Structure formats: C-alpha cells, structure tokens
Amino acid sequence: MLLSLSDLHAAHERSSHGLHRHNLRPRKHREMAVFVQENHLSRHQTRPFRHGSHPQPHSPPADPGLVRPQRPRKNPVAKPPVDRSLILKILNQAKNSPKSRLSCLRRLRSVVNRNESSRNHLRAGGAVEFLASVFRENEDPFSREEALNILQQIELSDSDLRKLLLDNDEFLKSLIFLLERGSSQSRAQAIILLKSAFDVADPEYIIGCWWSSVHGERNKVKAAESGAVAVLIELLLETAERRACELALTVLDQLCGCAEGRAALLRHGGGLAVVSKKILRVSHWASERAVRILSSISKHSGNSRVLEEMMEVGVVSKLCLVLQVRCSEKTKERAKEILRRESRVWRDSSCVPSHLRSSYPCS
C-alpha cells in the first residue's frame, strides 16, 4: 500500500524517533512547533502573530528554577596597614643595596597607596629623608621619578616641606631640573610640590633658583610646557611682596620670549589681567618687566581675540596711564609702541576713559 507524503510525515512525527528529534531541538524551536500545531498551521504557511500570543525568542525562561542566580558582589575589603617593621626593612634594603633600590621604591609606592596609617608609618620611619636623598643624588631617572611620585603621594607636612627646601637647595634645583627635563607625569608632580613650596618658603628664594635655570631657548620651552607660567601667575595673584613680584615678572618675561610661554599665559584666565595690574603698583623694575611681557604678547600673539581681551581687562587704559606718569623712558617708549601698533583696534574704543584718550599716541 502506497502512502502519501503527508501520511508519512504524520507517522514519523508520532513515532518515538520523531519525538526524540523534537526534544533535541532548541527550546524556542520546540515552542514554535507547538504553536504551529495548536493553531493548525501548515509547515510553510505564515500568519501574523498577535502581541503576546507567542514567546519572545530572547525572553527569559518561564521557569524561575532555570534562571541562574547572580552572585552578590563583594564589597572591596580595605587593605590592612603595613607594619612599621616591614617599612624599616624595605628602607634598609634600599639604602644598603643600590641594585635593589628601584624594586624597593616600587614596594614603597604600593605601601603609600594603601591608607593613611601606612603613610604615617612611612613618615615616622624616615622615608621622607631617604626619598629626598634619592631624588637629589641618584643618577637613575627611573629611581628619581619613583621617589618624587612617593613624595607627592605621601602628603608632606609644612614642616617636612620647609625642611627639604631650606636645609639643602639641591632638592629645589633637582625639582626645577625635573620640571624642565622630566616626563609629563613627573613634571606635573613637580608643579604640585612647587605650588606647595610657595606656601611654606620664601618665594624670592624659590624664584631665584628658578631664574638661574630658564636661560636658553630649550629650557624656556621645557619650563613653559611643564606649567611654570601658571605657577608664576598664581603667585602674582596671591602676593603683593615687592621682591617676589619682581622676580616672578622677570622669569615670566623670559618665558614669554618663546611661543609656548605666551600661549600658556593666554590660556590662564588671569594672565593678562594680573600682569597689567602690577604696572605702576610694585616698582619701576616690575613695571618695565610687565610692559615687556605685554609687548611680546601684542607683537607675536596679538590676534583679534587677544586684543579684545586686553581691552576688557584694562591693559589699554594702563598703557595710556604709563604715558602720563613718571616712569622710565624705556618703559614709556615700549608702551607707546604697543599703542601705536594696535591703534586701529584700540584708539576709538569706548574702553579707553576720556581722560586718558588724549594721551593715546598718534599713528
């Protein structure tokens, strides 16, 4: 007896072999087959599904027992502080074995990152003096940068920082050297320590050391790129002490001799304003240096945005005032030169007070 194809297919589906193949298929395929059979659909017939009438292919299984429970997240456990005896052992090993010094410094860095108690043990164990000596005397750049990294993270007290700066000026010179020639990370850390140094030490002493190192075009560029301009501007904003302002403006004048220094001054929101403010308020020397800085900005970086900012912060009015008061002829000539150079933009501007407009030089 011959059977049709549909009869053969039905018989096969009823057989245990067909049932076995049905159970081996993926779950979503089995559920779809049941849906087709219950709704009397042929194998190749299509019918639009109603919302909610069939299981979504990517929906989670209905049986909650088949869902794998998520493991609860563990709260990070605070690391215990390092014992002081271990810190002393690492320090002694670093002092007595130069070959293992770098690995010991890296172990100390892991200690300082633990918690405040570990940092206190480091300070009490004499780590500050040892790290300062490594930073001053070691010729290995990796060891120097590692020591500076730890010193910056150890959160030095004012007394520790003052002792480092005043007991031996080699530490400050090494800091300035790294500021000019170190990696980007070490320069950023040197800037942080220098900012702290201005709070605890004489600014004249710090800027004097800095001044001795910025001669030469390459040194200027390195110092400007490392953030020295921003540090000097912050100092000018915070201090009114005559000698400190004179030294800061002198170094800033040197740094503005390169394009990187001028760009750094213009990036700082208070750069032009504080330089202009120091004119005629500190000394003849400070006024001369400030006018020199403004001359460099006007001559080499005087685009429309910069010239507009110079008007807004009072640079134009201050330069007109310089022409009316008693000051050095060199400063007056340089102020007059700036005003003539930018007369097309500044001369008829409303930012120049009427009592000063008469002193504006003719083109």
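Side notes on the structure shown:
- Rolling a 1.4 Å probe over the protein heavy atoms gives the range 194-311 an accessible area of 39 Å² per residue.
- Taking the accessible area of the range 104-219, probe 1.4 Å, and keeping the other protein chains in place, the carbon and sulfur fraction comes to 46%.
- The protection proxy used here, the mean number of other Cβ atoms lying within 10 Å of each residue, ranks peptides 242-249, 355-362 as follows, highest first: 242-249, 355-362.
- Heavy-atom accessible surface of the range 239-363: percent carbon and sulfur, 1.4 Å: 46
- Between the range 228-253 and the range 89-114, the C-alpha centres lie 38 angstrom from each other.
- Residue ranges 293-299, 227-233, 303-309 sort as 227-233, 293-299, 303-309 when ordered by packing (mean number of other C-beta atoms within 10 Å per residue, highest first).
- Rel. contact order, % - alpha carbon contacts under 8 angstrom, at least six apart, the range 217-363: 20
- Largest to smallest accessible area among 198, 177 [probe 1.4 Å]: 177, 198
- Calculated from backbone phi, Karplus (6.51, -1.76, 1.60) coupling profile of the range 159-166 in Hz, x at Gly/Pro: 5, 5, 5, 5, 5, 5, 7, 8
- Other residues with beta-carbon under 11 Å from the beta-carbon of residue 91 carry, at +1 per Lys or Arg and -1 per Asp or Glu, a net charge of +4.
- Think of a 1.4 Å ball rolled over the protein heavy atoms: the range 112-181 then has 44 Å² of accessible area per residue.
- Taking all protein chains as they are arranged and a probe of 1.4 Å, the heavy atoms of residue 268 leave approximately 40 Å² accessible to solvent.
The values are calculated or read from the model by the stated rules, or taken from the named source; none is laboratory data. The model shown is predicted, which means the values in this text are computed figures rather than measured ones. Cβ atoms come from the backbone with ideal geometry, glycine included; neighbour counts cover every protein chain shown. The protein model used for the area step is the full one, side chains on, heavy atoms only, and it has no ligands, DNA or RNA in it. Shrake-Rupley method; radii C 1.70, N 1.55, O 1.52, S 1.80 Å.
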